[in-house]
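Undergrad: I'd like to ask you about the structure that follows.
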Amino acid sequence: MASVQMEVEPIVDRTKALDWLRQMMLIRRFEERAEMLYQKGNKIGGFFHQYSGQEPVAVGSIGVLRENDWVVTAYRDHGHALIMGMPARVGMAELLGKATGCSKGKGGSMHFFDVKRGMLGGHAIVGSHIPLAAGFAFAAKYRGEDRVTLCYLGDGAINQGGVHEALNMAALWKLPVVYIIENNLYAMGTQLVRSSAVEDLTVRCAVPYGIPGHQVNGNDVEAMAKTTLEAVEHARAGEGPSVIEAGTYRYKGHSISDPATYRSRGELDEHMKKDPIIQYENVLRDRGWLDDDAIEAMLDEVKAEIEDAIEFAEDSEQPSLESLYEDVTAAPFIPQE
Amino acid sequence: MASVQMEVEPIVDRTKALDWLRQMMLIRRFEERAEMLYQKGNKIGGFFHQYSGQEPVAVGSIGVLRENDWVVTAYRDHGHALIMGMPARVGMAELLGKATGCSKGKGGSMHFFDVKRGMLGGHAIVGSHIPLAAGFAFAAKYRGEDRVTLCYLGDGAINQGGVHEALNMAALWKLPVVYIIENNLYAMGTQLVRSSAVEDLTVRCAVPYGIPGHQVNGNDVEAMAKTTLEAVEHARAGEGPSVIEAGTYRYKGHSISDPATYRSRGELDEHMKKDPIIQYENVLRDRGWLDDDAIEAMLDEVKAEIEDAIEFAEDSEQPSLESLYEDVTAAPFIPQE
Amino acid sequence: MAVLSFREALNQAMTEEMERDDRVFLMGEEVAEYDGAYKVSQGMLKRFGPRRVVDTPISEEGFAGIGIGAAMVGLRPIVEFMTFSFSLVAFDQIVNNSANMRYMSGGQFDMPIVFRGSSGMAGQLGATHSHRPEAWYAQVPGLTVLTAATPADAKGLLKSAIRSDDPVVFLEHEVLYPQKGEVPDGEHLVPIGKADVKRPGEDVTLITYSRPLKETLAAAEELAAQGIDAEVIDLRSIRPLDMETLTRSVVKTHRAVIVEENWPYCGLGAGVADRIYRAVFDELDAPILRVASSDAPIPYNKRMESSMLPSVPRILAAVDQVTYR
Amino acid sequence: MAVLSFREALNQAMTEEMERDDRVFLMGEEVAEYDGAYKVSQGMLKRFGPRRVVDTPISEEGFAGIGIGAAMVGLRPIVEFMTFSFSLVAFDQIVNNSANMRYMSGGQFDMPIVFRGSSGMAGQLGATHSHRPEAWYAQVPGLTVLTAATPADAKGLLKSAIRSDDPVVFLEHEVLYPQKGEVPDGEHLVPIGKADVKRPGEDVTLITYSRPLKETLAAAEELAAQGIDAEVIDLRSIRPLDMETLTRSVVKTHRAVIVEENWPYCGLGAGVADRIYRAVFDELDAPILRVASSDAPIPYNKRMESSMLPSVPRILAAVDQVTYR
Ligand SMILES: Cc1ncc(C[n+]2csc(CCOP(=O)(O)OP(=O)(O)O)c2C)c(N)n1
Ligand SMILES: Cc1ncc(C[n+]2csc(CCOP(=O)(O)OP(=O)(O)O)c2C)c(N)n1
Ligand SMILES: [Mg+2]
Ligand SMILES: [Mg+2]
């Protein structure tokens, strides 16, 4: 069973593999608990999009980055932020709208930023961050920095025109950026076949720009890592952008308010049976890198980290009402009222 | 020499062929004289983009349409309008900003409309009419009409994102529209290699949407007709859109104010040597469908038609200043001042 | 009269017009199989089928343009933006193509298209998802801009919008969708260009539209208790503006406050105030004050967001100022 | 002082800032090999090379976003729109990304980007190519909006814009490009947020910006001949607005006319008038009148277009009205 998932030889050592497993657990737990705070305590508001089921995409791809590389994604951003090193505390505080949140309570779930750690945001207008990613890569190239940008987008996002403007320029100028399409088969309630004239998304996004297009099982964290590494090395070598279509599946509705009635219980169950976290546990168990006790201990640790994050978030201050006018501009802000 | 141009067996009878030749002459003459009015008399203003050198693209493709098909293009629109049957008079009057112009002097060179004849406009925002064309086709399909839309765009226009949004939907919904890319190698001063990551424009615009992509010598009026017919029949059969990349060349600068210093005199001469009008004259001569006298007569006729158009335009009234507030809305317009 | 929610009223309007006229169709993201992101189009796919209730990819610029094209050749599209914040990527199509096309062609065709969807601050959606685009679109000759604050107006205005031969920007408010109200039975049309006096009064004119009508009426009640008789005008038609109703009121009350969710600088209230001043300057005993949103991007934090919104205390404070109390 | 054209002044500003700071670069359609559609960037490719003077495909939304991304990580892009009418396809990037990003991230980065290009009615370009987007952008907190009417201001303001750590919308006017004026030698910076009194006066305040400054000054001369001493204020900074200079003037003259190319309803003048009224209502002896463009799409026909523009007779008529002559 595990062998079904693992298409490639391990490209990681034990330490790294355990770390990746732990990261996936951390995202899962972070969102499970956040969902409870949203549903029960009414402590979180606005749009809230969960990453459950898709964790290996972020974990495997970010796993091959160097310290100073950059990451940018859409609104389904908790996972990417945590993996980039954002402490669960500041993530949770952001969800609760607190001043200690990563974006001081001004961004919310869709706008997790941790610029110091290279997390250049969650972005909520579909497709709008694809040009930004090309801009980061443009700057890296301009300054002669050996820095790569990973940019995540959805299967629905490829239908925004600006995406194609950016892909063309990124290819034309050989910018060091890797676009990872998280193809979870749905854009809200719209199945891929109803949104894209062609289902192979590398034909939509790589072929027309003459750049490499990879298709990979996004739920295989090591395959994800391997493919990303190839694309990242391509970029570092000055060969320009690549597109990776990562097949994956989201367990939850599009956002917390979506009952996801557009798909069958059977379909969901089918996917949940192949849960990537459990599969990776099995793989690592098979390799003898991990046993049940270790898994238990890891889970406990993760749980504790998240409970601590919640406590921190709950104990944190609300932003002051005056801060409404802060962070609008770098220059002293003069409200035009 | 003629055989070099004519890649296909004649797909026309003599009458049609002579008509096409005449149409090309008419466009050429219309613009030559209009340019003089612009340069000398200062009678025309604003942007003015000439079609000289590209005539066979419009003539050959529109030549295979039926009465009630539709055409829409960008700002380089004089040719398409004339071929759709807009009288030279109302075209010339529009250039002079007269009330008798096709758009009552409100549109100018970039906005030739003749809706009754199926000419749904020149459009000046690059790429913005590509979705409109899909909309015409959507309406035809919605009403079950056997009507095809031809939509022309430039090699530079394919870099507008909205183009790709429309191509995807046109393909997804199998809309009866044919997109004809007039690849004249330049977008203003930008050579194709500097604007598009891939030079084969069917790879940019057809492949990603799973629709037929044709490449054709756009300066061969009969090849143009043949290829368009194929695409049009595909559309009529309910098979959806196609993309035609028509290779062509513009003789003049991008607009009247562009000295076109970005290309060599040699390059231009090379193309002018293969002038499509002269080549087609030769072809028809070779076929025995035409002799020098007939050509002379045809030219004289065309010249007379254009002089008559100029006289009509010059004699026409300026629109009244009150008409400023007319045609803003269908409902009585209440200026919000 | 039936009691309907705002969302049901909109649904009825579309349904009735689609029953009447086969040229009318609905297009947008998730309008069909999902029954609408906010369930405004609930049941419409079932009733009309996929030919007339059309799900689109996430391509606002593209499908706005497709709608405009379809309108140019005689269909009467209703284009739903999931929220009007997403109309920003379609701004060029709306401003340049829908508004200008008739003019640039010398009047050769009508442009019977309605762009509709929710707008405004719906609660913790953040800066990108909380736009109020009314002043942007109001500025553009060629467009009609409408907004409703009650289910009855929502139905009657949307029906008029669909029957209009001009492009209409029809702004709804997510927070209003579940709110209920009486809606006249039978054919109910609200004319374009007419404001509605939601509460007559003598002492001060309160001008508002969309969601803040509720706060404004509540403030008027408070004021009544304090002996001040406020007239509350719901603009409904943002463009064209019903100057007659506005000036008639101000000539009577000599003072006005505009209550809106728009940003203050160059917001809709500025546009309205400017026109009132120029029309009846001498009648005004005080400057026209504005209870608008604060001049900042919209934050996620709930308290901060609420603090930006028009509220009864803010309206009362403004009225105190214009009545010099 | 050197005499430069407006276009040369802009070129100097960019060139000097690019000499000072390697992070500054210019990007846009035809800015490099073509030397600029309007030759504003003439010679810059030659001087700085293709790394820093970058030709783009016709992808405004895309390259605006690339500029924003580059600014987020420390470059200082100047993004040229061939004309600001084409910024409509990039509207979402400018409004949502450049203006909101700092806020939504809780201030984690600066956004030192300048969007610049020609704007306004340049002569028979028609409805799609003649936009004046100042009121649209002025409404948005986070943006700075600037415009210059003289070569000196063009240079000094653009240099300040490039040095600003906030996103700037910098509106030029095609008709002004060839116009010449004196430009101070050496380092010349014009501060953001300061209007300029281009002609002091006592009797009436004429408020303007960009191209109509010329007509406004000409009207002031005419008025002087008639014994009316007009003060002419050039806004220069559209956002933030220099309320101090405006109110100081109106407190002195008690009457004002705003001269602009913007549409009347919800145009920039409405935004400015609203703020003046609310600040100094009691000082005003007449309504603030506006000499704006007519409320119609911009026609191709020359006479019709000219009839829409602010002109000396229209300014004089408005002054007659506010001075009750
Ligand atoms: C321009 C724009 N249009 C619409 C939306 C609303 N919206 C948010 S997410 C989404 C679906 C995106 O699907 P996909 O790209 O597949 O990403 P996923 O949610 O599956 O991760 C939509 C329609 C938006 N935020 N921005
Ligand atoms: C959105 C937009 N950006 C820029 C322009 C300015 N512009 C007009 S035509 C043109 C070049 C178009 O080239 P192409 O598509 O190849 O058509 P061609 O002129 O060669 O026929 C440009 C940049 C515009 N009109 N609209
Ligand atoms: Mg998806
Ligand atoms: Mg071209």
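Undergrad: With the Cα gyration tensor of the protein assembly as shown giving a ≥ b ≥ c as the square roots of its eigenvalues, does the rule (a/c under 1.5 for rounded; else a/b larger than b/c for prolate; else oblate) give rounded, prolate or oblate?
TA: On the way: a/c = 1.44, a/b = 1.06, b/c = 1.36.
Rounded.
Undergrad: Take the Cα atoms of region A:236-301, build their convex hull, and give its volume per residue in Å³.
TA: Values: hull volume 13.4 nm³, N = 66.
With only Cα atoms used, region A:236-301 gives 202 Å³ per residue.
Undergrad: Helix-derived [θ] at 222 nm for chain D: sum -39500 (n - 2.57) over DSSP H runs of at least 4, divide by residue count, nearest 500? Display every interim value, and only then the final one.
TA: On the way: 11 runs with 112 residues, N = 325.
Theoretical 222 nm ellipticity from helices: -10000 deg cm²/dmol.
Undergrad: Only Cα pairs within less than 10 Å get springs; with that Gaussian network setup on chain B, which residue of B:171, B:134, B:58 has the largest fluctuation?
TA: B:171
Undergrad: Exposure proxy check: D:274, B:275, D:22 ranked by fewest other beta carbons within 10 Å? Let's see the in-between values first.
TA: On the way: D:274 26, B:275 18, D:22 14.
Arranged by neighbour count, lowest to highest, D:274, B:275, D:22 become D:22, B:275, D:274.
Undergrad: Could you state the number of Å between the C-alpha centres of region A:261-337 and region B:198-231?
TA: 49 Å
Undergrad: In region D:78-168, which chymotrypsin sites (Phe, Trp or Tyr not before Pro) are in a loop and have at most 15 other Cβ atoms within 10 Å, using DSSP for the loop call? Mind showing how you got there, number by number?
TA: Values: sites: D:81, D:84, D:86, D:91, D:103, D:109, D:115, D:136, D:137; in loops: D:109.
Counting only loop positions with at most 15 other Cβ atoms within 10 Å, none of the chymotrypsin sites (Phe, Trp or Tyr not before Pro) in region D:78-168 qualifies.
Undergrad: Also: What do you get for the angle between helix D:268-280 and the principal long axis of chain D? Use alpha-carbon atoms, 0 to 90 degrees, nearest ten.
TA: The angle comes out near 60 degrees.
Undergrad: While we're looking at this one, here's another question. Sticking with the crude label model, points 7 Å out along Cα→Cβ, report the distance from residue A:330 to residue D:202 in nm, one decimal please.
TA: 4.6 nm
Undergrad: May I pose another question? Cα to Cα, under 23 Å, and not fewer than 8 places away if on the same chain: which lysines meet these conditions relative to residue B:16?
TA: Those lysines meeting the cut-off are B:116, B:226, B:274, B:303.
Undergrad: Same structure, new question: Would you mind checking the tilt of helix C:213-225 against the longest principal axis of the Cα atoms of chain C, expressed as 0 to 90 degrees and rounded to 10?
TA: That helix lies at roughly 20 degrees to the long axis.
Undergrad: Of the listed pairs B:43/D:180; A:106/C:194; C:46/C:155; B:106/C:198, which have alpha-carbon separations greater than 32 Å here?
TA: On the way: B:43/D:180 27 Å; A:106/C:194 38 Å; C:46/C:155 21 Å; B:106/C:198 41 Å.
The pairs that break the limit, which is 32 Å between Cα atoms, are A:106/C:194; B:106/C:198.
Undergrad: When the Cα centres of region D:156-188 and region C:175-191 are compared, how far apart do they sit, in Å?
TA: 52 Å
Undergrad: Taking chain C as the reference, fit the longest principal axis to its C-alpha atoms, fit the long axis of helix C:312-322 to the helix C-alpha atoms, and give the angle between the two in degrees, 0 to 90, nearest 10.
TA: For C:312-322 against chain C, the angle is about 50 degrees.
Undergrad: Something else about it: How far is residue D:43 from itself in the other copies, in nm, if each label sits 7 Å out from Cα along the Cα-Cβ line, shortest first?
TA: Distances between equivalent label points, in nm: 7.2.
Undergrad: Which number do you get for Rg(Cα) / (2.2 N^0.38 Å) in chain D? Walk me through the numbers before you get to the answer.
TA: Working: Rg = 19.4 Å, N = 325, 2.2 N^0.38 = 19.8 Å.
Normalised by 2.2 N^0.38 Å, the Cα Rg of chain D equals 0.98.
Undergrad: Here's another thing I want to ask about it. Cut-off 10 angstrom, C-alpha nodes, Gaussian network model of chain D. Which of D:112, D:310, D:191 fluctuates the most?
TA: Of D:112, D:310, D:191, the Gaussian network model singles out D:191 as fluctuating most.
Undergrad: Hey, what number do you get for chain B at 222 nm if only DSSP H runs of n ≥ 4 count, each worth -39500 (n - 2.57), divided across all residues, to the nearest 500?
TA: Values: 13 runs with 144 residues, N = 337.
Computed ellipticity for chain B at 222 nm equals -13000 deg cm²/dmol.
Undergrad: Could you quickly flag the chain A residue whose beta carbon comes closest to the rotation axis taking A to B, and that distance in whole angstrom?
TA: Chain A residue with minimal Cβ-axis distance: A:161, 1.
Undergrad: At what distance in nm do the modelled label points of residue D:225 and residue B:278 sit from each other, each positioned 7 Å from its Cα along Cα→Cβ?
TA: Between residue D:225 and residue B:278, the label points sit 5.9 nm apart.
Undergrad: Let me ask something else about it. Starting from the Cα gyration tensor of region B:3-114, take the square roots of the eigenvalues, sort them a ≥ b ≥ c, and report rounded, prolate or oblate (rounded when a/c is under 1.5, otherwise prolate if a/b is larger than b/c, else oblate). Walk me through the numbers before you get to the answer.
TA: Working: a/c = 2.44, a/b = 1.74, b/c = 1.40.
The shape class here is prolate.
Undergrad: In nm, to one decimal, how far is the modelled label at residue D:321 from the one at residue A:269, with both set 7 Å along Cα→Cβ?
TA: Roughly 7.4 nm, to one decimal.
Undergrad: Nm distances between the label at residue D:189 and the same-position labels in the remaining copies, 7 Å along Cα→Cβ, shortest first?
TA: Relative to the other copies, residue D:189 has label-point distances of 6.2 nm.
Undergrad: Turning to a different aspect of this structure: Taking only the alpha carbons of region B:134-271, what extent do you get along each of the three principal axes, in Å, biggest first?
TA: Extents along the principal axes, in whole Å: 50, 32, 26.
Undergrad: Still on this structure: Could you pull the copy-to-copy label distances for residue B:15, with points set 7 Å along Cα to Cβ, in nm to one decimal and sorted shortest first?
TA: 8.7
Undergrad: Give me the net charge of residue D:266's neighbourhood, meaning all other residues with Cβ under 13 Å from the Cβ of residue D:266; Lys, Arg count +1, Asp, Glu -1.
TA: Details: positive: C:132, C:239, C:275, D:132, D:290; negative: B:337, C:134, C:260, C:274, D:134, D:260, D:274, D:295.
Local charge sum for residue D:266: -3.
Undergrad: Please list the equivalent ellipsoid semi-axes of region C:196-322, computed as the square roots of five times the alpha-carbon gyration tensor eigenvalues, in descending order and whole angstrom.
TA: On the way: eigenvalues 99, 58, 32 Å².
Listed largest to smallest, the semi-axes of region C:196-322 are 22, 17, 13 Å.
Undergrad: Another one. Tell me which chymotrypsin sites (Phe, Trp or Tyr not before Pro) from region D:225-325 have a DSSP coil assignment and no more than 11 other beta carbons within 10 Å of their own.
TA: Numbers: sites: D:265, D:277, D:281, D:300, D:324; in loops: D:265, D:300, D:324.
Taking region D:225-325 and a limit of 11 other Cβ atoms within 10 Å, the loop chymotrypsin sites (Phe, Trp or Tyr not before Pro) found are D:324.
Undergrad: Indicate the gyration tensor shape class of region C:190-254 (rounded, prolate or oblate), computed on the Cα atoms with a ≥ b ≥ c the square roots of the eigenvalues: a/c under 1.5 is rounded; otherwise a/b larger than b/c is prolate and the rest oblate. Before the final figure, lay out the partial values.
TA: On the way: a/c = 2.89, a/b = 1.48, b/c = 1.96.
The shape class here is oblate.
Undergrad: Distance between Cα centroids, region C:271-324 to region A:47-73: provide it in whole Å.
TA: Here the two parts' Cα centres lie 44 Å apart.
FYI, it's all coordinate maths here, none of it is from the lab. What you are looking at is a predicted structure, and each value in this text was computed from that prediction instead of being measured. Reconstructed Cβ throughout: ideal geometry from the backbone, glycine too, with neighbour counts over all protein chains shown.
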